[in-house]
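A quick write-up on the structure given underneath.
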């Protein structure tokens with residue numbers, strides 16, 4: 001608002017909301033992303049340990065400890081290989097093309113070190129813990145599944161960079177669209193986000209099927225799919241085997257963003273701001289990378305959770321429950337409700353940001369109107385008031401989306417259980433929830449990829465213009481880019497990352513409340 005209505009820079013200390021912006025970067029992209037990935041890794045470890053124990057039992061192995069402890073060993077190794085990758089980065093300046101150093105190349109150099117060490121340690125762990133005399137080659141199959149997961153992580157990093165880094169054409173096309181107005185900039189960003197969902201889904205699909213086949217052909221349990229599921233779990237572990245380094249790259253984003261804010265507030269020379277702007281642009285890419293990485297791992301893990309739900313229903317009923325027929329109208333409706341949940345949740349999350357932003361805008365306008373000394377530089381704004389508004393609003397506004405995520409699968413299961421009892425269709429509630437879980441996961445993955453990538457692309461399109469392209473700062477293209485960036489903020493910082501949590505929460509509620517649907 002300060003940039004548009006008063007013509008002051010984005011992080012000008014005269015803007016009463018500037019501290020709230022810096023605090024939000026730390027809360028949203030450091031603490032929240034760390035909590036999100038911690039939840040993912042913890043859930044994946046527990047699921048893999050349970051699947052490992054079940055696999056060892058079905059295979060008739062005398063000692064199941066290797067299969068159960070394997071996930072813990074992999075993620076303990078993650079800390080070591082990620083630390084080694086970070087330590088391998090040389091702080092000495094290195095000139096790139098034109099003598100300018102690319103910060104993202106520096107980060108990727110350490111990531112390559114972590115990947116190499118993770119690959120070696122993964123193979124060693126597979127040989128040490130997953131070797132079985134009953135199937136001597138099984139550990140090779142699981143090591144290959146882990147390799148699939150590691151390759152999937154590399155692919156997600158590359159895809160995120162292509163769609164969110166302004167060195168590549170997609171982001172530049174969004175910036176150039178701003179030459180013809182605000183609307184065309186927004187349209188180009190939406191189109192980019194929609195397009196960006198295709199490549200990750202193809203990668204995820206190949207990874208899921210390949211890892212399942214590798215596990216299923218291990219020879220441990222020829223009569224069941226337990227080894228196939230464990231192969232998928234191992235691939236998920238492979239994808240998360242460098243999670244600590246990827247999280248470090250993610251945290252780099254808000255640190256660089258806040259450094260730019262401090263530079264602006266302390267009135268540093270323009271050359272210093274140019275450096276922090278380039279770091280901030282790389283940070284936008286690394287944040288988009290981590291969000292894609294998180295939703296990719298959630299996509300692989302969701303298959304395990306869906307299988308666990310089917311197994312739980314079978315355990316409670318004492319009858320096989322391996323097929324969900326979506327040609328049954330009630331089951332199809334359950335799936336349709338699951339897909340709608342994602343859109344409704346995203347809508348409420350974006351609307352919550354809009355209401356919170358409106359409250360902050362009103363407060364900033366009030367301070368500018370009532371305290372003219374702020375613009376003159378003789379009076380300090382009330383920063384704490386804006387921080388308080390945002391913090392209170394964040395807690396209040398997310399109650400409704402949170403309740404929606406928790407209650408929806410329970411309501412669907414209970415309603416269709418009653419409908420099934422009335423129409424003579426046994427287990428209709430469980431089948432409807434299975435479809436609900438399946439469709440919400442698929443729709444959630446696509447929606448999250450769209451929102452995260454579009455938001456990151458709009459942000460870096462603005463950085464590209466501010467670097468001198470398309471007329472530079474103050475041009476019509478810059479004003480359009482600011483609009484696109486503003487639209488993208490609730491996409492990439494609220495709705496997109498929240499859908500990752502939604503997917504896991506729906507799956508967890510379905511598992512926990514399963515007896516109510518039978």
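The values are calculated or read from the model by the stated rules, or taken from the named source; none is laboratory data. Given the structure is predicted, the values throughout are model-derived calculations rather than measurements. Please note: Cβ atoms are built from the backbone with ideal geometry, for glycine as well, and neighbour counts cover all protein chains shown.
Among the candidates 292, 335, the residue that is modelled with pLDDT of 90 or more and assigned to a helix (DSSP H, G or I) is uniquely 335.
Between 11, 29, the distinction of being in a helix (DSSP H, G or I), at pLDDT below 85, out of contact with any strand residue (DSSP E or B) (no Cβ under 8 Å at 6 or more places or on another chain) and buried (at least 17 other Cβ atoms within 10 Å of the Cβ) belongs to 29 only.
Just the residues that are under 22 Å from the mean Cα position of the chain (by Cα) and either modelled with pLDDT under 90 or within 17 Å of residue 279 (Cα to Cα) (or both), please, taken from segment 163-179. Break it down into steps so the answer makes sense when it comes.
To start, the set of residues in segment 163-179 that are under 22 Å from the mean Cα position of the chain (by Cα) comprises 163-166, 168, 170-171.
Across segment 163-179, the qualifying residues are 164, 165, 166, 168, 171.
The set of residues in segment 463-518 that are closer than 16 Å to residue 165 by Cα and in contact (Cβ under 8 Å) with a residue 60 or more places away in the chain comprises 463, 464, 465, 466, 467, 469, 481, 484, 488, 492.
Regarding residue 210, is this residue at pLDDT below 90 and either in a helix (DSSP H, G or I) or under 16 Å from the mean Cα position of the chain (by Cα) (or both)? When the stated conditions are applied, residue 210 does not pass them. Criterion applied to 203, 209 was being within 19 Å of residue 302 (Cβ to Cβ) and out of contact with any helix residue (DSSP H, G or I) (no Cβ under 9 Å at 6 or more places or on another chain), and the one residue passing it is 209.
So that you can scan it fast, the table gives a plain yes or no per residue for (1) assigned to a helix (DSSP H, G or I); (2) within 26 Å of residue 340 (Cα to Cα):
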residue	(1), (2)
473	no, no
479	yes, no
482	yes, no
496	yes, yes
501	yes, yes
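Please work out which residue is modelled with the lowest pLDDT, limiting yourself to segment 213-224 and to residues that are surrounded by fewer than 20 Cβ atoms within 10 Å (Cβ to Cβ) and at negative phi. The extreme case among them is 223.
Taken over segment 359-394, the criterion of being at pLDDT below 85 and closer than 30 Å to residue 345 by Cα is satisfied by 394 alone. Is one or more of the residues making up segment 268-280 at pLDDT 80 or above, surrounded by fewer than 24 Cβ atoms within 10 Å (Cβ to Cβ) and either in contact with a strand residue (DSSP E or B) (Cβ under 9 Å, 6 or more places away or on another chain) or not in a helix (DSSP H, G or I) (or both)? Yes, segment 268-280 has at least one match.
Results for (1) within 23 Å of residue 486 (Cα to Cα); (2) touching a strand residue (DSSP E or B) at 6+ places or on another chain (Cβ under 6 Å); (3) modelled with pLDDT of 90 or more; (4) not in a helix (DSSP H, G or I), shown as yes or no for each residue.
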{"site": "402", "(1), (2), (3), (4)": "no, no, no, no"}
{"site": "410", "(1), (2), (3), (4)": "no, no, yes, no"}
{"site": "432", "(1), (2), (3), (4)": "no, no, yes, no"}
{"site": "435", "(1), (2), (3), (4)": "no, no, yes, no"}
{"site": "440", "(1), (2), (3), (4)": "no, no, yes, no"}
{"site": "453", "(1), (2), (3), (4)": "yes, no, yes, no"}
{"site": "461", "(1), (2), (3), (4)": "yes, no, yes, no"}
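Within segment 416-428, the residues that satisfy the criterion of being surrounded by 17 or more Cβ atoms within 10 Å (Cβ to Cβ) and assigned to a helix (DSSP H, G or I) are 416, 417, 420, 428.
So residue 67 ticks every box in (1) over 29 Å from residue 114 (Cβ atoms); (2) buried (at least 17 other Cβ atoms within 10 Å of the Cβ) but one. Which box is left unticked? Of (1) over 29 Å from residue 114 (Cβ atoms); (2) buried (at least 17 other Cβ atoms within 10 Å of the Cβ), only one is false for residue 67: (1). Exactly one residue out of 84, 80, 76 is assigned to a helix (DSSP H, G or I) and either over 30 Å from residue 102 (Cα atoms) or over 28 Å from the mean Cα position of the chain (by Cα) (or both), and it is 76.
Please work out if residue 299 is at pLDDT 80 or above, under 28 Å from residue 42 (Cβ atoms) and crowded, with 21+ Cβ neighbours inside 10 Å. Give the steps one after another, and end with the answer.
Details: at pLDDT 80 or above: no; under 28 Å from residue 42 (Cβ atoms): yes; crowded, with 21+ Cβ neighbours inside 10 Å: yes.
So residue 299 does not fit the description; no.
Quick one: is residue 512 in contact with a helix residue (DSSP H, G or I) (Cβ under 8 Å, 6 or more places away or on another chain) and surrounded by fewer than 17 Cβ atoms within 10 Å (Cβ to Cβ)? Step through it out loud before you land on a result.
Numbers: in contact with a helix residue (DSSP H, G or I) (Cβ under 8 Å, 6 or more places away or on another chain): no; surrounded by fewer than 17 Cβ atoms within 10 Å (Cβ to Cβ): yes.
So residue 512 fails the test.
When the test is whether a residue is more than 24 Å from residue 302 (Cα to Cα), surrounded by 13 or more Cβ atoms within 10 Å (Cβ to Cβ) and at pLDDT below 85, residue 59 passes it.
Please work out if residue 450 is more than 21 Å from residue 20 (Cα to Cα), crowded, with 24+ Cβ neighbours inside 10 Å, touching a residue at least 12 places away in the same chain (Cβ under 8 Å) and in contact with a helix residue (DSSP H, G or I) (Cβ under 7 Å, 6 or more places away or on another chain). Give the derivation first.
Working: more than 21 Å from residue 20 (Cα to Cα): yes; crowded, with 24+ Cβ neighbours inside 10 Å: no; touching a residue at least 12 places away in the same chain (Cβ under 8 Å): yes; in contact with a helix residue (DSSP H, G or I) (Cβ under 7 Å, 6 or more places away or on another chain): yes.
So residue 450 does not fit the description; no.
Among the residues that make up segment 362-381, is at least one of them surrounded by 15 or more Cβ atoms within 10 Å (Cβ to Cβ) and within 28 Å of the chain's Cα centre (by Cα)? So that I can check it myself, show each step before the final result.
Within segment 362-381, the subset surrounded by 15 or more Cβ atoms within 10 Å (Cβ to Cβ) is 363-364, 367-368, 371, 374-375, 381.
Still in the running and within 28 Å of the chain's Cα centre (by Cα): none.
Within segment 362-381 (the criterion being surrounded by 15 or more Cβ atoms within 10 Å (Cβ to Cβ) and within 28 Å of the chain's Cα centre (by Cα)), the answer is no, since none of the residues qualifies.
Between 231, 253, 215, the distinction of being part of a helix (DSSP H, G or I) and under 30 Å from residue 16 (Cβ atoms) belongs to 253 only.
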